[in-house]
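Please treat every number below as a calculation from the coordinates, not as lab data. From a predicted model like this one, the values you see are computed outputs, not experimental measurements. All Cβ positions, even for glycine, are placed from backbone atoms using ideal geometry, and neighbour counts span all protein chains on display.
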Amino acid sequence: MNIGKPFIDSWNIYIKHLGTILIAFIILIILSVITLGVLYIPLLIGLQMLFVKAKRGEQITANEVLAPINRYFSLVFGSFGIGLLVLFGLLLLIVPGLAWASWWMYAALFMYDRSMHIEDGMKSSKDVVRKSGTWWHLLFLVIVFFIDNVFVWFIGPLGFIAKFVTTPLTMGAVACAYADESK
């Protein structure tokens, strides 16, 4: 896995479709706040799918961020299930949790993009990640976490404004990596 390529691709898509992605991100924020986070996971997957579609050369519109709501229960319960397994792995010995976080990083995207059930999404994600390097993917996830959380925290009050760049950019990077790796 080339760790830098997804970030470059994400940045290029972000700049090219700046208005569309910002509107989609604002929709994500507003609906997540109004619903007290209930719609956050499908809306985040919708934001990521904008990057996947743009990477594939397809046209994108901001309202497509809403499309994953149609698969709400499978995406939310699948994501929560994966999150609990990763947490359990982290609590046990740390290494299993890190490996599982890497293996299943694309599971929700597989579930939505290819209409898979959770176990098929997890298996497909694991196969793709193992093929191109579990530890490279883990390093990629650490960089994503650092950019979207730690870096923004260090810049203080401007962090809220920076989130309009860092969150779409990092989630887009994961989506671009998915688009490249899952061909």
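Key figures for this structure:
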{"read-out": "Relative packing of peptides 48-58, 153-163, 135-145, 80-90 - highest average C-beta neighbours within 10 Å first", "value": "48-58, 135-145, 80-90, 153-163"}
{"read-out": "Rounded if a/c under 1.5, otherwise prolate or oblate - the range 75-161, Cα gyration tensor axes", "value": "prolate"}
{"read-out": "Computed [θ] at 222 nm, deg cm²/dmol, the chain (DSSP H ≥ 4; -39,500 (n - 2.57); rounded to nearest 500)", "value": "-23500 deg cm²/dmol"}
{"read-out": "Nitroxide proxy distance, nm - points 7 Å out along Cα→Cβ at residue 67 and residue 2", "value": "2.6"}
{"read-out": "Footprinting exposure proxy for 61, 167 (fewest neighbouring C-beta atoms within 10 Å first)", "value": "61, 167"}
{"read-out": "Span-rule helices in the chain, defined as complete DSSP H runs reaching 20 Å or more along the axis (Cα) with Kyte mean at least 1.6", "value": "18-34, 72-92"}
{"read-out": "Label zone at residue 164, where the point sits 7 Å out along the Cα-to-Cβ direction: the range 11-43 residues whose backbone N lies under 19 Å", "value": "11-34"}
{"read-out": "Answer label, with semi-axes √(5λ) of the Cα gyration tensor in Å calculated from the coordinates and candidates [x] 23, 19, 18; [y] 57, 17, 15; [z] 34, 20, 15", "value": "[x]"}
{"read-out": "Cβ-Cβ FRET estimate between residue 135 and residue 114, R0 fixed at 22 Å, reported to 0.05", "value": "0.30"}
{"read-out": "Euclidean distance between Cα centres, the range 81-119 to the range 6-74, Å", "value": "21"}
{"read-out": "Relative contact order, percent, the range 1-79 [alpha-carbon distance under 8 Å, six or more residues apart]", "value": "31"}
{"read-out": "Gyration tensor (alpha-carbon) shape descriptor, the range 15-69, a/c threshold 1.5", "value": "prolate"}
